Amino acid sequence: MDLNRKTAYDTLLEIEKNEAYSNIELNKQIKLSSPDSPAFVRELVYGVTENRIQLDYILDFLIPRGIKKVKKQDLTLLRMGIYQLKWMNSVPEYAAVNETVKMAKKFCRGREGFINGVLRGYLKKKDEINLPNRDENIEKYLSVKYSFALWIVKLFIKDYGVCEAEKILAASNMSPKLTIRVNLLKNTREQMKLMLEEKGFSVEESLLSERILFVKGSGLLDTEFYKKGYFSVQDEASVLAAETLNPKPFEKVYDICAAPGGKTLAMAEIMEDKGEILAFDIFPHKLNLIDKAAKRLSLTCIKTFIGDGEVFKSELVSTADKVLVDAPCSGLGVIIKKPEIKYKEITDDCVGLSMKQLHILENASKYVKTGGQLVYSTCTINKIENNNVIEKFLEKNSNYSMTYMKQFLPNIDGTDGFFICKLKKELD
């Protein structure tokens, strides 16, 4: 049996059964099985995950009774087989079918004939399978073509119009860039670029941040440069949130929803590791990861605490120069890295989530000194979670003024979909 396909199958089945995050589960399974072509495994796993709705649309056409009663094991193999046949030009048709059937004999005994028939049926009928009619139902057409839950398509159309929404959907399905934040306390961006290039990596500089490089090549995190804290992996829009707050050396800064800690660490570097950052989160194991990363980067100004942003902390009132609220959100801006987010089912367009975000922001706003600054950020492009939260906050808090607001979009800015708003506290 092909170990690469088995590793992909194990990963996809875990995602299907337990809603595991694709990137985490993929790394786990590759480490566990040691396939000889991790790149093939990644392409197959991400390809199936990114195109799940269209794959199921095709399977519904091929299976007379549809896929609703098809077992998860069978469905996973069928998706893998169809994806290889439709999108992976490097895989011969006979290999895609035969290898899938071999796996069916082991993992779906008694169903290998059915799976073989469906895959061969696709080869015969693929030219008959058409996407939903665009003119009759644009929302369903976009949902199937780009494999996004229908509610997300409707939300994007409402917020951005059909033309822009389709560009966002297309950009969200592209392969993500590997982005690193250079630790300027240990070297310059120019030096980091040269060192990586000498090791065979392809490197480009970001135009949005002097700390960011785009890197192509394998084994980046196994290099001595990473182990010695010369850089961290972080999207440039996320770094821009920390740069927007722009904490100065010797200031006191709070990061209210800190995990996984990229912005906390970026702020410590911006502050030249001078001053104090209090990083709060509800998950102790994630705070441990921040502590571990800070040690790797040789940063000492960060102190981590278990704390829920929704719980008001009276002891923090008017004690911080600057506060960052990177609020928990729907994640609709980072689908390019976590494609399983496309299939989330939320019935209220995230209205309930936005109420939680506003509550956290209002609590955090009370911790800022007069004249201090507050940054609200999310990794979503949903206006209900972004613009609407800020509008409601300013309506209730006349002592704050907005000094900057930006919605980053993957199709325009080339970054994650990210929202950043900077507020200044004028009065107590």
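General remarks:
- First in region 402-428 and under 17 Å from Thr380 (Cβ atoms) and without any contact (Cβ under 8 Å) to a residue 24 or more places away in the chain, second anywhere and open to solvent by 10 Å² or more (accessible area, probe 1.4 Å) and in a strand (DSSP E or B), Cβ under 8 Å, 6 or more apart: Met405/Lys422
- For region 321-371, the set of residues classified as among the polar types (S, T, N, Q) and either in contact with a helix residue (DSSP H, G or I) (Cβ under 6 Å, 6 or more places away or on another chain) or more than 26 Å from Glu426 (Cα to Cα) (or both) consists of Ser330, Thr347, Ser354, Gln357, listed by residue number.
- Of all residues in region 285-330, those satisfying the criterion of being touching a Cys at 6+ places or on another chain (Cβ under 8 Å) and in contact (Cβ under 8 Å) with a residue 60 or more places away in the chain are Val325, Asp326, Ala327, Pro328.
- Identity of the residue in region 237-252, of a type in the set (A, V, I, L, M, F, W, C) and open to solvent by 10 Å² or more (accessible area, probe 1.4 Å), that ends up farthest from Thr319 (Cα to Cα): Leu240
- Scan of region 290-306 for residues that are surrounded by 15 or more Cβ atoms within 10 Å (Cβ to Cβ) and more than 23 Å from Ala364 (Cα to Cα), ordered by number: Ala293, Ala294, Arg296, Leu297, Leu299
- Members of region 407-428 found to be of a type in the set (Gly, Ala, Ser) and either more than 19 Å from Leu245 (Cα to Cα) or open to solvent by 80 Å² or more (accessible area, probe 1.4 Å) (or both), listed by number: Gly414
- Residue list for region 265-276, restricted to those being out of contact with any Leu (no Cβ under 8 Å at 6 or more places or on another chain) and either open to solvent by less than 10 Å² (accessible area, probe 1.4 Å) or among the acidic types (Asp, Glu) (or both): Ala266, Met271, Glu276
- Lone qualifier among Tyr376, Tyr400, Tyr367, Tyr404 - being closer than 14 Å to Ala241 by Cβ, more than 19 Å from the chain's Cα centre (by Cα) and among the hydroxyl-bearing types (Ser, Thr, Tyr): Tyr404
- Scan of region 192-221 for residues that are more than 21 Å from the chain's Cα centre (by Cα), closer than 22 Å to Glu269 by Cα and not hydrophobic (A, V, I, L, M, F, W, C), ordered by number: Lys193, Glu204, Glu205, Glu210
Here is a yes/no grid of residues against (1) buried (at least 18 other Cβ atoms within 10 Å of the Cβ); (2) of a type outside the set (Ser, Thr, Tyr):
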{"site": "Glu93", "(1), (2)": "no, yes"}
{"site": "Ala104", "(1), (2)": "yes, yes"}
{"site": "Gly113", "(1), (2)": "no, yes"}
{"site": "Tyr146", "(1), (2)": "yes, no"}
{"site": "Val153", "(1), (2)": "yes, yes"}
{"site": "Glu164", "(1), (2)": "no, yes"}
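- When Leu123, Leu142 are checked against the criterion of being closer than 25 Å to Arg65 by Cα, assigned to a helix (DSSP H, G or I), open to solvent by less than 10 Å² (accessible area, probe 1.4 Å) and without any contact (Cβ under 8 Å) to a residue 40 or more places away in the chain, Leu142 stands alone in meeting it.
- On inspection, Thr380 passes the criterion of being of a type in the set (Ser, Thr, Tyr), modelled with pLDDT of 95 or more and crowded, with 20+ Cβ neighbours inside 10 Å.
- Test for Gly352: is it out of contact with any Leu (no Cβ under 6 Å at 6 or more places or on another chain), more than 23 Å from Val239 (Cα to Cα), part of a helix (DSSP H, G or I) and not aromatic (Phe, Trp, Tyr): yes
- Thr100 falls short on exactly one of the conditions (1) closer than 30 Å to Glu166 by Cα; (2) in contact (Cβ under 8 Å) with a residue 12 or more places away in the chain; (3) within 32 Å of the chain's Cα centre (by Cα), and that condition is (1).
- Evaluated against (1) small (Gly, Ala, Ser); (2) out of contact with any helix residue (DSSP H, G or I) (no Cβ under 9 Å at 6 or more places or on another chain); (3) buried (at least 24 other Cβ atoms within 10 Å of the Cβ), Ala279 falls short on exactly one condition, (2).
- Count of residues meeting criterion [buried (at least 21 other Cβ atoms within 10 Å of the Cβ) and part of a helix (DSSP H, G or I)] in region 190-216: 2
- Verdict on Glu385 being open to solvent by 10 Å² or more (accessible area, probe 1.4 Å) and on the phi < 0 side of the Ramachandran plot: no
- Qualifying positions in region 312-341 - touching a Lys or Arg at 6+ places or on another chain (Cβ under 7 Å) and part of a strand (DSSP E or B): Ala320, Asp321, Leu324, Asp326
The values are calculated or read from the model by the stated rules, or taken from the named source; none is laboratory data. For clarity, every value in this text was computed on a predicted model and none was experimentally measured. Note that we place each Cβ from the backbone using ideal geometry, even for glycine, and neighbour counts take in every protein chain shown. Ligands, DNA and RNA are stripped out before the accessible areas are found, and what is left, the full protein with its side chains, is counted by its heavy atoms. Shrake-Rupley method; radii C 1.70, N 1.55, O 1.52, S 1.80 Å.
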